[in-house]
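S.K.: Right, I'll just put the structure down here and ask away after.
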Amino acid sequence: MKRKSAVAVACLTFFLCMTTVTHAKETVLTTRVNTVAKTGWQYTNDNWYYYDANGNIQTGWISYGGHKYYLHPNGTMAKGWVFTDGHYQYLNNFGIQQFGWQMINGNWYHFDENGDMETGWIIYNNRNYYMRPSGEMATGWVFTNGHYQYLNTVGIQQTGWQMINGKWYLLDTDGNMETGWIQYNGRNYYMRPSGEMATGWVYTNDHYQYLDAFGIQKYGWQNVNNTWYYLGDDGNMQTGWLNLSQNYYYCNSSGAMLTGWQFINGNWYYMAPSGVMLSGWQYINGHWYYLGDSNDGSMKSGWQIIHGTTYYFKANGMMAENGWLLENGTWYHFRAGGAQDYTQTTAPTLTYDNGYYVSPMKTGNFNTSAERIEAMIARAYEYLGTPYRICTSSYPGDGVDCSGLVMQALYAAGFDPYPATPSHHAKPENEYDSRTLWAYTPMAHVPTSDLRRGDLVFYSSGPYAPIYHVAIYLGNGKVIEAWPPYVTDYYGVTDYPHTKILGVARPFE
(Lines give C-alpha, C1' and ligand atoms only; values in the text may rest on other atoms or scores of the structure.)
Protein backbone atom coordinates (compact mmCIF):
# COMPACT_ATOMS: atom_id res chain seq x y z
CA MET A 1 0.00 0.00 0.00
CA LYS A 2 2.92 2.32 0.75
CA ARG A 3 4.36 1.58 -2.71
CA LYS A 4 1.13 2.65 -4.41
CA SER A 5 1.11 5.81 -2.34
CA ALA A 6 4.68 6.59 -3.46
CA VAL A 7 3.70 6.21 -7.12
CA ALA A 8 0.75 8.51 -6.63
CA VAL A 9 2.93 11.08 -4.95
CA ALA A 10 5.47 10.90 -7.83
CA CYS A 11 2.75 11.44 -10.41
CA LEU A 12 1.32 14.34 -8.52
CA THR A 13 4.84 15.84 -8.30
CA PHE A 14 5.32 15.53 -12.05
CA PHE A 15 2.13 17.47 -12.81
CA LEU A 16 2.57 20.07 -10.12
CA CYS A 17 6.30 20.93 -10.60
CA MET A 18 7.77 23.78 -12.71
CA THR A 19 7.57 23.11 -16.45
CA THR A 20 9.94 24.45 -19.18
CA VAL A 21 8.28 25.74 -22.38
CA THR A 22 10.62 26.19 -25.43
CA HIS A 23 9.71 28.50 -28.37
CA ALA A 24 11.61 29.18 -31.62
CA LYS A 25 12.41 32.67 -30.78
CA GLU A 26 12.92 32.66 -27.10
CA THR A 27 12.98 30.41 -24.13
CA VAL A 28 10.76 31.57 -21.21
CA LEU A 29 10.81 29.84 -17.75
CA THR A 30 7.31 29.96 -16.19
CA THR A 31 5.76 28.42 -13.02
CA ARG A 32 2.21 27.04 -13.09
CA VAL A 33 0.66 25.67 -9.89
CA ASN A 34 -2.40 23.37 -10.18
CA THR A 35 -4.20 22.26 -6.92
CA VAL A 36 -5.64 18.66 -7.19
CA ALA A 37 -8.05 17.56 -4.31
CA LYS A 38 -7.49 14.23 -2.41
CA THR A 39 -10.27 11.67 -2.81
CA GLY A 40 -10.86 8.12 -1.64
CA TRP A 41 -8.59 6.32 0.75
CA GLN A 42 -5.45 8.06 1.76
CA TYR A 43 -2.71 6.73 4.03
CA THR A 44 -1.13 9.49 6.02
CA ASN A 45 1.02 9.34 9.13
CA ASP A 46 0.32 5.63 9.61
CA ASN A 47 -3.45 6.11 9.49
CA TRP A 48 -6.05 5.68 6.81
CA TYR A 49 -8.42 8.46 5.90
CA TYR A 50 -11.24 8.64 3.43
CA TYR A 51 -11.96 11.74 1.32
CA ASP A 52 -15.15 12.34 -0.60
CA ALA A 53 -15.26 13.53 -4.21
CA ASN A 54 -14.79 17.08 -3.04
CA GLY A 55 -11.72 16.18 -1.03
CA ASN A 56 -13.44 16.40 2.33
CA ILE A 57 -12.26 14.04 5.09
CA GLN A 58 -15.08 11.70 6.08
CA THR A 59 -16.01 10.72 9.66
CA GLY A 60 -18.50 8.27 11.14
CA TRP A 61 -19.85 5.27 9.33
CA ILE A 62 -19.22 4.85 5.62
CA SER A 63 -19.89 2.07 3.14
CA TYR A 64 -17.17 1.12 0.70
CA GLY A 65 -16.82 -1.89 -1.54
CA GLY A 66 -19.73 -3.67 0.09
CA HIS A 67 -18.28 -3.21 3.61
CA LYS A 68 -18.86 -0.75 6.40
CA TYR A 69 -16.09 1.23 8.04
CA TYR A 70 -16.01 3.63 10.92
CA LEU A 71 -13.91 6.80 10.81
CA HIS A 72 -13.15 8.50 14.10
CA PRO A 73 -14.08 12.17 14.53
CA ASN A 74 -10.49 13.05 13.48
CA GLY A 75 -11.00 11.00 10.33
CA THR A 76 -8.76 8.07 11.17
CA MET A 77 -10.11 4.66 10.23
CA ALA A 78 -11.17 2.65 13.31
CA LYS A 79 -10.13 -0.90 14.09
CA GLY A 80 -11.27 -3.12 17.00
CA TRP A 81 -14.06 -2.02 19.32
CA VAL A 82 -16.09 1.15 18.85
CA PHE A 83 -19.15 2.42 20.68
CA THR A 84 -21.68 4.23 18.52
CA ASP A 85 -25.39 4.84 18.60
CA GLY A 86 -25.57 3.25 22.08
CA HIS A 87 -23.99 -0.04 20.99
CA TYR A 88 -20.63 -1.69 20.62
CA GLN A 89 -19.41 -2.69 17.18
CA TYR A 90 -16.26 -4.47 16.10
CA LEU A 91 -14.03 -3.84 13.09
CA ASN A 92 -11.25 -6.15 11.98
CA ASN A 93 -7.66 -5.17 11.25
CA PHE A 94 -8.74 -3.86 7.82
CA GLY A 95 -11.39 -1.68 9.44
CA ILE A 96 -14.27 -3.77 8.13
CA GLN A 97 -17.28 -4.01 10.46
CA GLN A 98 -18.00 -7.60 11.61
CA PHE A 99 -21.32 -9.46 11.84
CA GLY A 100 -22.52 -12.77 13.31
CA TRP A 101 -20.23 -14.95 15.43
CA GLN A 102 -16.72 -13.63 16.00
CA MET A 103 -13.85 -15.03 18.08
CA ILE A 104 -12.12 -12.05 19.71
CA ASN A 105 -9.26 -12.48 22.15
CA GLY A 106 -10.32 -16.03 22.91
CA ASN A 107 -14.01 -15.27 23.47
CA TRP A 108 -17.02 -15.61 21.22
CA TYR A 109 -19.24 -12.60 20.50
CA HIS A 110 -22.32 -12.23 18.35
CA PHE A 111 -23.17 -9.17 16.26
CA ASP A 112 -26.64 -8.60 14.84
CA GLU A 113 -27.55 -7.60 11.31
CA ASN A 114 -26.61 -4.00 12.15
CA GLY A 115 -23.25 -5.12 13.49
CA ASP A 116 -24.22 -4.25 17.06
CA MET A 117 -22.78 -6.51 19.78
CA GLU A 118 -25.53 -8.60 21.36
CA THR A 119 -26.05 -9.16 25.09
CA GLY A 120 -28.51 -11.27 27.05
CA TRP A 121 -30.40 -14.20 25.57
CA ILE A 122 -30.31 -14.70 21.82
CA ILE A 123 -31.68 -17.36 19.49
CA TYR A 124 -29.43 -18.68 16.76
CA ASN A 125 -30.36 -21.62 14.54
CA ASN A 126 -33.16 -22.45 17.00
CA ARG A 127 -30.67 -22.69 19.88
CA ASN A 128 -30.53 -20.37 22.87
CA TYR A 129 -27.29 -18.65 23.85
CA TYR A 130 -26.51 -16.21 26.60
CA MET A 131 -24.20 -13.27 25.93
CA ARG A 132 -22.85 -11.69 29.09
CA PRO A 133 -23.20 -7.92 29.66
CA SER A 134 -19.63 -7.62 28.35
CA GLY A 135 -20.78 -9.42 25.21
CA GLU A 136 -18.82 -12.67 25.43
CA MET A 137 -20.73 -15.91 24.97
CA ALA A 138 -21.37 -17.69 28.29
CA THR A 139 -20.74 -21.36 29.02
CA GLY A 140 -21.56 -23.29 32.19
CA TRP A 141 -23.92 -21.87 34.79
CA VAL A 142 -25.56 -18.46 34.49
CA PHE A 143 -28.16 -16.79 36.69
CA THR A 144 -30.82 -14.80 34.83
CA ASN A 145 -34.44 -13.89 35.40
CA GLY A 146 -34.30 -15.28 38.94
CA HIS A 147 -33.17 -18.76 37.83
CA TYR A 148 -30.04 -20.72 37.02
CA GLN A 149 -29.50 -21.96 33.47
CA TYR A 150 -26.75 -24.13 32.01
CA LEU A 151 -24.96 -23.78 28.68
CA ASN A 152 -22.65 -26.43 27.27
CA THR A 153 -19.08 -25.88 26.11
CA VAL A 154 -20.29 -24.42 22.79
CA GLY A 155 -22.70 -22.07 24.57
CA ILE A 156 -25.98 -23.86 23.77
CA GLN A 157 -28.58 -23.70 26.55
CA GLN A 158 -29.46 -27.16 27.89
CA THR A 159 -32.81 -28.61 28.93
CA GLY A 160 -33.88 -31.89 30.57
CA TRP A 161 -31.53 -34.14 32.56
CA GLN A 162 -27.89 -33.10 32.48
CA MET A 163 -24.84 -34.71 34.11
CA ILE A 164 -22.60 -31.84 35.24
CA ASN A 165 -19.39 -32.44 37.20
CA GLY A 166 -20.59 -35.88 38.23
CA LYS A 167 -24.04 -34.75 39.43
CA TRP A 168 -27.46 -34.86 37.80
CA TYR A 169 -29.52 -31.70 37.29
CA LEU A 170 -32.91 -31.19 35.65
CA LEU A 171 -33.56 -28.11 33.52
CA ASP A 172 -37.17 -27.39 32.60
CA THR A 173 -38.45 -26.64 29.10
CA ASP A 174 -37.38 -23.01 29.57
CA GLY A 175 -33.92 -24.19 30.58
CA ASN A 176 -34.35 -23.11 34.20
CA MET A 177 -32.71 -25.33 36.83
CA GLU A 178 -35.29 -27.19 38.94
CA THR A 179 -35.19 -27.40 42.74
CA GLY A 180 -37.38 -29.16 45.31
CA TRP A 181 -39.75 -32.02 44.52
CA ILE A 182 -40.46 -32.67 40.86
CA GLN A 183 -42.35 -35.32 38.96
CA TYR A 184 -40.79 -36.76 35.83
CA ASN A 185 -42.26 -39.64 33.82
CA GLY A 186 -44.54 -40.47 36.75
CA ARG A 187 -41.64 -40.71 39.26
CA ASN A 188 -40.84 -38.30 42.07
CA TYR A 189 -37.37 -36.81 42.44
CA TYR A 190 -35.90 -34.30 44.84
CA MET A 191 -33.52 -31.64 43.59
CA ARG A 192 -31.49 -30.00 46.33
CA PRO A 193 -31.40 -26.19 46.69
CA SER A 194 -28.13 -26.32 44.74
CA GLY A 195 -30.03 -28.11 41.96
CA GLU A 196 -28.30 -31.48 42.11
CA MET A 197 -30.49 -34.59 42.18
CA ALA A 198 -30.64 -36.14 45.66
CA THR A 199 -30.15 -39.81 46.46
CA GLY A 200 -30.46 -41.59 49.80
CA TRP A 201 -32.18 -39.91 52.75
CA VAL A 202 -33.56 -36.37 52.54
CA TYR A 203 -35.50 -34.37 55.12
CA THR A 204 -38.32 -32.25 53.69
CA ASN A 205 -41.69 -31.08 54.95
CA ASP A 206 -40.82 -32.25 58.50
CA HIS A 207 -40.29 -35.85 57.39
CA TYR A 208 -37.59 -38.13 56.04
CA GLN A 209 -37.89 -39.58 52.54
CA TYR A 210 -35.66 -42.03 50.69
CA LEU A 211 -34.52 -41.96 47.08
CA ASP A 212 -32.68 -44.79 45.37
CA ALA A 213 -29.38 -44.56 43.49
CA PHE A 214 -31.30 -43.22 40.45
CA GLY A 215 -32.97 -40.51 42.54
CA ILE A 216 -36.42 -42.12 42.42
CA GLN A 217 -38.50 -41.71 45.59
CA LYS A 218 -39.31 -45.06 47.23
CA TYR A 219 -42.39 -46.34 49.05
CA GLY A 220 -43.26 -49.29 51.30
CA TRP A 221 -40.59 -51.52 52.85
CA GLN A 222 -37.03 -50.61 51.89
CA ASN A 223 -33.78 -52.25 52.99
CA VAL A 224 -31.18 -49.53 53.50
CA ASN A 225 -27.71 -50.58 54.68
CA ASN A 226 -29.12 -53.90 55.99
CA THR A 227 -31.86 -52.17 57.99
CA TRP A 228 -35.55 -52.20 57.06
CA TYR A 229 -37.59 -48.98 56.92
CA TYR A 230 -41.21 -48.36 55.99
CA LEU A 231 -42.15 -45.41 53.79
CA GLY A 232 -45.84 -44.51 53.64
CA ASP A 233 -47.99 -43.81 50.59
CA ASP A 234 -46.68 -40.25 50.69
CA GLY A 235 -43.09 -41.50 50.84
CA ASN A 236 -42.56 -40.29 54.41
CA MET A 237 -40.55 -42.55 56.73
CA GLN A 238 -42.77 -44.10 59.40
CA THR A 239 -42.00 -44.53 63.11
CA GLY A 240 -43.79 -46.24 66.00
CA TRP A 241 -46.38 -48.99 65.63
CA LEU A 242 -47.46 -49.97 62.12
CA ASN A 243 -50.49 -52.10 61.30
CA LEU A 244 -49.86 -53.57 57.86
CA SER A 245 -51.81 -56.43 56.31
CA GLN A 246 -53.12 -57.47 59.76
CA ASN A 247 -49.61 -57.61 61.19
CA TYR A 248 -48.00 -55.25 63.67
CA TYR A 249 -44.48 -53.87 63.27
CA TYR A 250 -42.52 -51.34 65.27
CA CYS A 251 -40.06 -48.81 63.86
CA ASN A 252 -37.96 -46.80 66.29
CA SER A 253 -37.45 -43.03 66.23
CA SER A 254 -34.79 -43.38 63.52
CA GLY A 255 -37.25 -45.40 61.41
CA ALA A 256 -35.44 -48.74 61.77
CA MET A 257 -37.70 -51.81 61.97
CA LEU A 258 -37.04 -53.65 65.24
CA THR A 259 -36.64 -57.39 65.75
CA GLY A 260 -36.20 -59.58 68.82
CA TRP A 261 -37.10 -58.44 72.33
CA GLN A 262 -38.11 -54.78 72.55
CA PHE A 263 -39.21 -52.69 75.55
CA ILE A 264 -41.86 -50.27 74.29
CA ASN A 265 -43.98 -47.96 76.43
CA GLY A 266 -43.44 -50.03 79.57
CA ASN A 267 -44.03 -53.46 78.02
CA TRP A 268 -41.88 -56.15 76.44
CA TYR A 269 -42.67 -57.37 72.94
CA TYR A 270 -41.01 -59.92 70.71
CA MET A 271 -40.65 -59.14 67.02
CA ALA A 272 -39.85 -61.97 64.60
CA PRO A 273 -36.86 -61.66 62.22
CA SER A 274 -39.41 -60.44 59.66
CA GLY A 275 -40.36 -57.66 62.08
CA VAL A 276 -43.85 -59.04 62.74
CA MET A 277 -44.96 -58.73 66.36
CA LEU A 278 -45.55 -62.21 67.77
CA SER A 279 -48.46 -63.03 70.06
CA GLY A 280 -49.81 -65.98 72.01
CA TRP A 281 -47.55 -68.86 73.00
CA GLN A 282 -43.99 -68.50 71.74
CA TYR A 283 -40.97 -70.77 72.29
CA ILE A 284 -37.92 -68.50 72.29
CA ASN A 285 -34.35 -69.59 73.03
CA GLY A 286 -35.45 -72.70 74.90
CA HIS A 287 -38.21 -71.11 76.99
CA TRP A 288 -41.95 -70.61 76.71
CA TYR A 289 -43.48 -67.14 76.86
CA TYR A 290 -47.03 -65.89 76.53
CA LEU A 291 -47.41 -62.69 74.52
CA GLY A 292 -51.10 -61.92 74.80
CA ASP A 293 -53.58 -62.00 71.94
CA SER A 294 -53.01 -60.82 68.38
CA ASN A 295 -54.02 -57.25 69.20
CA ASP A 296 -51.86 -57.08 72.31
CA GLY A 297 -48.53 -58.89 71.94
CA SER A 298 -47.13 -57.73 75.29
CA MET A 299 -45.13 -60.27 77.30
CA LYS A 300 -47.03 -61.57 80.34
CA SER A 301 -45.60 -62.16 83.80
CA GLY A 302 -46.98 -63.45 87.08
CA TRP A 303 -50.06 -65.65 87.30
CA GLN A 304 -52.04 -66.07 84.11
CA ILE A 305 -55.12 -68.14 83.33
CA ILE A 306 -54.95 -69.16 79.70
CA HIS A 307 -57.78 -71.20 78.20
CA GLY A 308 -58.81 -72.27 81.70
CA THR A 309 -55.32 -73.42 82.83
CA THR A 310 -53.21 -71.59 85.41
CA TYR A 311 -49.62 -70.74 84.53
CA TYR A 312 -46.93 -68.67 86.15
CA PHE A 313 -44.47 -66.47 84.28
CA LYS A 314 -41.38 -65.04 85.92
CA ALA A 315 -40.56 -61.33 85.77
CA ASN A 316 -38.48 -62.03 82.65
CA GLY A 317 -41.50 -63.69 81.04
CA MET A 318 -40.22 -67.27 81.16
CA MET A 319 -42.95 -69.80 81.94
CA ALA A 320 -42.40 -71.82 85.13
CA GLU A 321 -42.49 -75.54 84.38
CA ASN A 322 -41.31 -78.93 85.55
CA GLY A 323 -40.38 -77.79 89.04
CA TRP A 324 -41.13 -75.73 92.12
CA LEU A 325 -41.70 -72.03 92.62
CA LEU A 326 -41.80 -70.09 95.91
CA GLU A 327 -44.38 -67.32 95.76
CA ASN A 328 -45.45 -65.33 98.84
CA GLY A 329 -44.37 -68.09 101.22
CA THR A 330 -46.01 -70.90 99.27
CA TRP A 331 -44.36 -73.45 97.01
CA TYR A 332 -46.13 -74.28 93.79
CA HIS A 333 -45.33 -77.18 91.52
CA PHE A 334 -45.59 -76.99 87.74
CA ARG A 335 -45.71 -79.90 85.35
CA ALA A 336 -43.75 -80.13 82.13
CA GLY A 337 -45.74 -77.84 79.85
CA GLY A 338 -46.18 -75.27 82.62
CA ALA A 339 -49.56 -76.14 84.09
CA GLN A 340 -49.63 -75.64 87.90
CA ASP A 341 -50.74 -78.87 89.54
CA TYR A 342 -50.31 -78.79 93.33
CA THR A 343 -49.20 -76.56 96.18
CA GLN A 344 -46.83 -77.27 99.06
CA THR A 345 -46.71 -75.21 102.24
CA THR A 346 -43.60 -74.78 104.36
CA ALA A 347 -44.95 -76.65 107.41
CA PRO A 348 -42.09 -78.72 108.96
CA THR A 349 -44.06 -81.97 108.97
CA LEU A 350 -45.68 -81.70 105.54
CA THR A 351 -46.97 -85.07 104.43
CA TYR A 352 -46.66 -85.85 100.75
CA ASP A 353 -45.78 -88.91 98.72
CA ASN A 354 -48.75 -90.91 99.99
CA GLY A 355 -48.30 -89.77 103.56
CA TYR A 356 -44.52 -90.00 103.75
CA TYR A 357 -42.47 -87.03 104.84
CA VAL A 358 -40.95 -84.73 102.23
CA SER A 359 -38.69 -81.82 103.20
CA PRO A 360 -40.04 -78.36 102.37
CA MET A 361 -38.36 -76.70 99.44
CA LYS A 362 -35.95 -73.85 100.08
CA THR A 363 -34.93 -73.28 96.47
CA GLY A 364 -36.26 -74.30 93.06
CA ASN A 365 -35.56 -74.43 89.36
CA PHE A 366 -35.40 -70.66 89.25
CA ASN A 367 -32.48 -70.40 91.67
CA THR A 368 -28.85 -70.70 90.67
CA SER A 369 -27.03 -74.01 90.97
CA ALA A 370 -24.87 -72.57 93.76
CA GLU A 371 -27.97 -71.54 95.73
CA ARG A 372 -29.51 -74.99 95.35
CA ILE A 373 -26.28 -76.75 96.42
CA GLU A 374 -26.15 -74.66 99.59
CA ALA A 375 -29.84 -75.36 100.31
CA MET A 376 -29.20 -79.11 99.92
CA ILE A 377 -26.19 -79.08 102.27
CA ALA A 378 -27.95 -76.84 104.80
CA ARG A 379 -30.85 -79.30 104.94
CA ALA A 380 -28.45 -82.22 105.39
CA TYR A 381 -26.89 -80.43 108.38
CA GLU A 382 -30.34 -80.10 109.94
CA TYR A 383 -30.22 -83.92 110.15
CA LEU A 384 -26.85 -83.95 111.93
CA GLY A 385 -27.14 -86.47 114.86
CA THR A 386 -30.43 -87.96 113.56
CA PRO A 387 -30.51 -91.76 114.23
CA TYR A 388 -29.57 -94.11 111.41
CA ARG A 389 -32.65 -96.22 110.47
CA ILE A 390 -32.72 -98.60 107.50
CA CYS A 391 -35.41 -97.97 104.83
CA THR A 392 -36.29 -94.63 106.40
CA SER A 393 -36.46 -91.10 104.99
CA SER A 394 -38.16 -89.08 107.70
CA TYR A 395 -37.82 -85.66 109.28
CA PRO A 396 -34.80 -84.48 111.31
CA GLY A 397 -34.44 -86.29 114.65
CA ASP A 398 -36.73 -89.15 113.62
CA GLY A 399 -34.49 -91.24 111.40
CA VAL A 400 -32.87 -91.68 108.00
CA ASP A 401 -30.41 -93.96 106.25
CA CYS A 402 -27.89 -92.83 103.62
CA SER A 403 -30.40 -92.81 100.73
CA GLY A 404 -33.11 -91.25 102.87
CA LEU A 405 -30.83 -88.35 103.89
CA VAL A 406 -29.88 -87.63 100.28
CA MET A 407 -33.56 -87.68 99.19
CA GLN A 408 -34.59 -85.13 101.85
CA ALA A 409 -31.62 -82.88 101.06
CA LEU A 410 -32.52 -82.97 97.36
CA TYR A 411 -36.17 -82.16 98.10
CA ALA A 412 -35.09 -79.07 100.05
CA ALA A 413 -33.13 -77.89 97.02
CA GLY A 414 -36.15 -78.38 94.75
CA PHE A 415 -34.79 -81.51 93.06
CA ASP A 416 -37.15 -84.47 92.66
CA PRO A 417 -35.12 -87.72 93.08
CA TYR A 418 -37.86 -89.85 91.50
CA PRO A 419 -38.08 -92.85 91.17
CA ALA A 420 -36.32 -92.83 94.54
CA THR A 421 -39.00 -91.56 96.98
CA PRO A 422 -39.67 -92.02 100.72
CA SER A 423 -42.57 -94.39 99.97
CA HIS A 424 -40.48 -96.39 97.53
CA HIS A 425 -37.62 -96.54 100.02
CA ALA A 426 -39.87 -97.78 102.84
CA LYS A 427 -40.18 -101.16 101.14
CA PRO A 428 -37.52 -103.63 102.35
CA GLU A 429 -36.63 -104.68 98.83
CA ASN A 430 -35.64 -101.04 98.17
CA GLU A 431 -33.23 -100.76 101.10
CA TYR A 432 -30.43 -99.84 98.71
CA ASP A 433 -32.11 -96.92 96.98
CA SER A 434 -28.61 -95.51 96.57
CA ARG A 435 -28.52 -97.81 93.53
CA THR A 436 -31.80 -96.26 92.30
CA LEU A 437 -30.36 -92.77 92.71
CA TRP A 438 -27.28 -93.76 90.70
CA ALA A 439 -29.04 -95.63 87.92
CA TYR A 440 -32.37 -93.86 87.43
CA THR A 441 -32.46 -90.39 88.95
CA PRO A 442 -31.54 -87.89 86.20
CA MET A 443 -28.11 -86.60 87.25
CA ALA A 444 -24.86 -86.13 85.36
CA HIS A 445 -22.14 -88.68 86.11
CA VAL A 446 -18.75 -87.00 86.38
CA PRO A 447 -15.16 -88.23 86.91
CA THR A 448 -13.93 -88.61 90.47
CA SER A 449 -11.11 -86.25 89.56
CA ASP A 450 -13.74 -83.53 88.98
CA LEU A 451 -15.35 -83.96 92.41
CA ARG A 452 -16.77 -80.70 93.82
CA ARG A 453 -19.07 -79.41 96.57
CA GLY A 454 -22.65 -80.67 96.25
CA ASP A 455 -21.81 -83.84 94.30
CA LEU A 456 -23.11 -87.24 95.45
CA VAL A 457 -20.43 -89.88 96.08
CA PHE A 458 -21.45 -93.54 95.55
CA TYR A 459 -19.49 -96.39 97.16
CA SER A 460 -19.12 -100.14 96.54
CA SER A 461 -16.90 -102.82 98.07
CA GLY A 462 -15.02 -103.53 94.85
CA PRO A 463 -14.81 -102.92 91.11
CA TYR A 464 -17.69 -105.25 90.29
CA ALA A 465 -19.63 -105.08 93.56
CA PRO A 466 -22.99 -103.27 93.75
CA ILE A 467 -23.44 -99.82 95.30
CA TYR A 468 -24.18 -99.95 98.99
CA HIS A 469 -23.74 -96.33 100.19
CA VAL A 470 -24.11 -92.67 99.14
CA ALA A 471 -22.81 -89.46 100.75
CA ILE A 472 -22.92 -85.71 100.03
CA TYR A 473 -19.54 -84.14 99.27
CA LEU A 474 -18.81 -80.94 101.23
CA GLY A 475 -15.47 -80.06 99.68
CA ASN A 476 -11.98 -80.18 101.16
CA GLY A 477 -12.17 -83.99 101.26
CA LYS A 478 -15.18 -84.09 103.62
CA VAL A 479 -18.65 -85.64 103.30
CA ILE A 480 -21.91 -85.54 105.27
CA GLU A 481 -23.76 -88.88 105.42
CA ALA A 482 -26.04 -91.18 107.36
CA TRP A 483 -23.78 -93.93 108.75
CA PRO A 484 -24.57 -96.03 111.77
CA PRO A 485 -25.34 -94.93 114.41
CA TYR A 486 -26.36 -91.41 113.14
CA VAL A 487 -25.90 -88.65 110.60
CA THR A 488 -22.33 -87.31 110.70
CA ASP A 489 -19.83 -85.15 108.87
CA TYR A 490 -16.85 -86.75 110.63
CA TYR A 491 -15.39 -88.91 107.91
CA GLY A 492 -13.34 -87.93 104.90
CA VAL A 493 -14.44 -88.92 101.44
CA THR A 494 -11.99 -91.85 101.30
CA ASP A 495 -11.62 -92.56 105.05
CA TYR A 496 -12.66 -95.78 106.75
CA PRO A 497 -15.40 -97.07 106.80
CA HIS A 498 -15.62 -96.08 103.12
CA THR A 499 -14.13 -98.59 100.75
CA LYS A 500 -14.10 -97.84 97.04
CA ILE A 501 -15.72 -94.88 95.22
CA LEU A 502 -17.74 -96.36 92.38
CA GLY A 503 -18.82 -93.04 90.87
CA VAL A 504 -19.85 -89.41 91.32
CA ALA A 505 -23.22 -87.88 90.32
CA ARG A 506 -23.90 -84.16 90.01
CA PRO A 507 -27.50 -83.03 90.58
CA PHE A 508 -26.70 -79.35 89.95
CA GLU A 509 -24.40 -78.29 87.12
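The values are calculated or read from the model by the stated rules, or taken from the named source; none is laboratory data. Keep in mind it's a predicted model, so treat the numbers as computed, not measured. Here the Cβ positions follow ideal geometry from the backbone for every residue, glycine too, while neighbour counts run over all protein chains shown.
S.K.: Answer with yes or no whether Tyr210 is under 25 Å from Ser253 (Cα atoms) and buried (at least 18 other Cβ atoms within 10 Å of the Cβ).
M.R.: Values: under 25 Å from Ser253 (Cα atoms): yes; buried (at least 18 other Cβ atoms within 10 Å of the Cβ): yes.
Yes.
S.K.: Filter the stretch 490-509 for residues that are modelled with pLDDT under 95 and closer than 24 Å to Thr363 by Cα and give the result.
M.R.: Correct list: Glu509 only.
S.K.: Separate question: From Tyr189, Tyr184, Tyr150, Tyr208, which residue is hydroxyl-bearing (Ser, Thr, Tyr), in contact with a strand residue (DSSP E or B) (Cβ under 8 Å, 6 or more places away or on another chain) and under 30 Å from Met103 (Cβ atoms)?
M.R.: Exactly one residue qualifies, and that residue is Tyr150.
S.K.: Given the conditions (1) over 21 Å from Asn285 (Cα atoms); (2) surrounded by 15 or more Cβ atoms within 10 Å (Cβ to Cβ), and given that Gly338 satisfies all but one, which numbered condition is not satisfied?
M.R.: (1)
S.K.: Quick one: how many residues across the stretch 150-197 are free of Cβ contacts under 8 Å to residues at least 40 places away in the same chain, closer than 23 Å to Ala138 by Cα and part of a strand (DSSP E or B)? Reasoning before the result, please.
M.R.: The first filter runs over the stretch 150-197 and keeps only residues free of Cβ contacts under 8 Å to residues at least 40 places away in the same chain, leaving 150-154, 156-167, 169-174, 176-187, 189-194, 196-197.
Restricting the remaining residues to those that are closer than 23 Å to Ala138 by Cα gives 150-154, 156-167, 169-174, 176-179, 193-194, 196.
Imposing the further condition that a residue be part of a strand (DSSP E or B) reduces the set to 150-151, 157, 160-164, 167, 169-171, 176-177.
Number satisfying all stated conditions: 14.
S.K.: When you check Arg435 against the structure, is it surrounded by fewer than 18 Cβ atoms within 10 Å (Cβ to Cβ), of a type in the set (Lys, Arg) and in contact with a strand residue (DSSP E or B) (Cβ under 8 Å, 6 or more places away or on another chain), yes or no? Walk me through how you get there before you give the answer.
M.R.: Details: surrounded by fewer than 18 Cβ atoms within 10 Å (Cβ to Cβ): no; of a type in the set (Lys, Arg): yes; in contact with a strand residue (DSSP E or B) (Cβ under 8 Å, 6 or more places away or on another chain): yes.
Taking the combined requirement at face value, the residue does not satisfy it.
S.K.: Given the options Tyr411, Tyr464, name the one that is at pLDDT below 95, under 30 Å from Arg335 (Cα atoms) and of a type in the set (Phe, Trp, Tyr). Even if it seems obvious, please write down each step before you answer.
M.R.: Values: Tyr464 fails: under 30 Å from Arg335 (Cα atoms).
Exactly one residue qualifies, and that residue is Tyr411.
S.K.: Name the residue that is surrounded by the most Cβ atoms within 10 Å (Cβ to Cβ), counting only residues in the stretch 97-116 that are assigned to a strand (DSSP E or B) and hydrophobic (A, V, I, L, M, F, W, C).
M.R.: The first filter runs over the stretch 97-116 and keeps only residues assigned to a strand (DSSP E or B), leaving 97, 100-104, 107-111.
Next, from what is left, pick out any that are hydrophobic (A, V, I, L, M, F, W, C): 101, 103-104, 108, 111.
Values: Trp101: 13, Met103: 9, Ile104: 15, Trp108: 17, Phe111: 20.
So the residue we want is Phe111.
S.K.: Among the charged types (D, E, K, R) and touching a residue at least 60 places away in the same chain (Cβ under 8 Å): which single residue out of Asp489, Asp455 fits that description? Before you say what the answer is, go through the steps one by one.
M.R.: Values: Asp455 fails: touching a residue at least 60 places away in the same chain (Cβ under 8 Å).
The unique qualifying residue is Asp489.
S.K.: Of everything in the stretch 392-421, what is at positive phi and surrounded by 24 or more Cβ atoms within 10 Å (Cβ to Cβ)? Give them in sequence order. Give the derivation first.
M.R.: First, pick out the residues of the stretch 392-421 that are at positive phi: 397, 399, 414.
Residue satisfying the conditions is Gly414 alone.
S.K.: Here's a follow-up. Report yes if some residue within the stretch 148-167 is closer than 28 Å to Tyr229 by Cα and modelled with pLDDT of 95 or more; otherwise report no. Spell out how you get there, then give the answer.
M.R.: Keep residues of the stretch 148-167 that are closer than 28 Å to Tyr229 by Cα, which gives 167.
Then drop every residue that is not modelled with pLDDT of 95 or more, which leaves 167.
Yes - at least one qualifying residue is present in the stretch 148-167.
S.K.: Only one of Val446, Val479 is touching a residue at least 12 places away in the same chain (Cβ under 8 Å), of a type in the set (Val, Ile, Thr) and either surrounded by fewer than 23 Cβ atoms within 10 Å (Cβ to Cβ) or closer than 16 Å to Arg372 by Cα (or both); which? Lay out the reasoning, then the answer.
M.R.: Working: Val479 fails: either surrounded by fewer than 23 Cβ atoms within 10 Å (Cβ to Cβ) or closer than 16 Å to Arg372 by Cα (or both).
One residue alone meets the criteria, Val446.
S.K.: Same structure again: Could you list, in sequence order, the residues of the stretch 139-149 that are surrounded by 13 or more Cβ atoms within 10 Å (Cβ to Cβ) and either of a type in the set (Asp, Glu) or not in a strand (DSSP E or B) (or both)?
M.R.: At the first step, the residues of the stretch 139-149 found to be surrounded by 13 or more Cβ atoms within 10 Å (Cβ to Cβ) are 139, 141-142, 144, 147-149.
Selection gives Thr139 alone.
S.K.: Within the stretch 1-96, considering only strands (runs of 3 or more DSSP E) that don't extend past its boundaries, which have at least 1 residues that are surrounded by 11 or more Cβ atoms within 10 Å (Cβ to Cβ) and at pLDDT below 95?
M.R.: Working: elements: 19-22, 27-30, 40-44, 47-51, 60-64, 67-71, 80-84, 87-91.
It comes to 19-22.
S.K.: Return the total of residues in the stretch 117-138 being assigned to a strand (DSSP E or B) and crowded, with 17+ Cβ neighbours inside 10 Å.
M.R.: We begin by selecting, within the stretch 117-138, every residue assigned to a strand (DSSP E or B); these are 117, 120-124, 127-131, 137.
Imposing the further condition that a residue be crowded, with 17+ Cβ neighbours inside 10 Å reduces the set to 117, 128-131, 137.
So the count comes out to 6.
S.K.: If we only count strands (runs of 3 or more DSSP E) wholly inside the stretch 203-249, which ones have 2 or more residues that are among the aromatic types (Phe, Trp, Tyr) and at pLDDT 95 or above? Give the steps one after another, and end with the answer.
M.R.: Numbers: elements: 207-211, 220-224, 227-231, 240-244.
In the stretch 203-249, 207-211, 227-231 are the strands (runs of 3 or more DSSP E) which contain 2 or more residues that are among the aromatic types (Phe, Trp, Tyr) and at pLDDT 95 or above.
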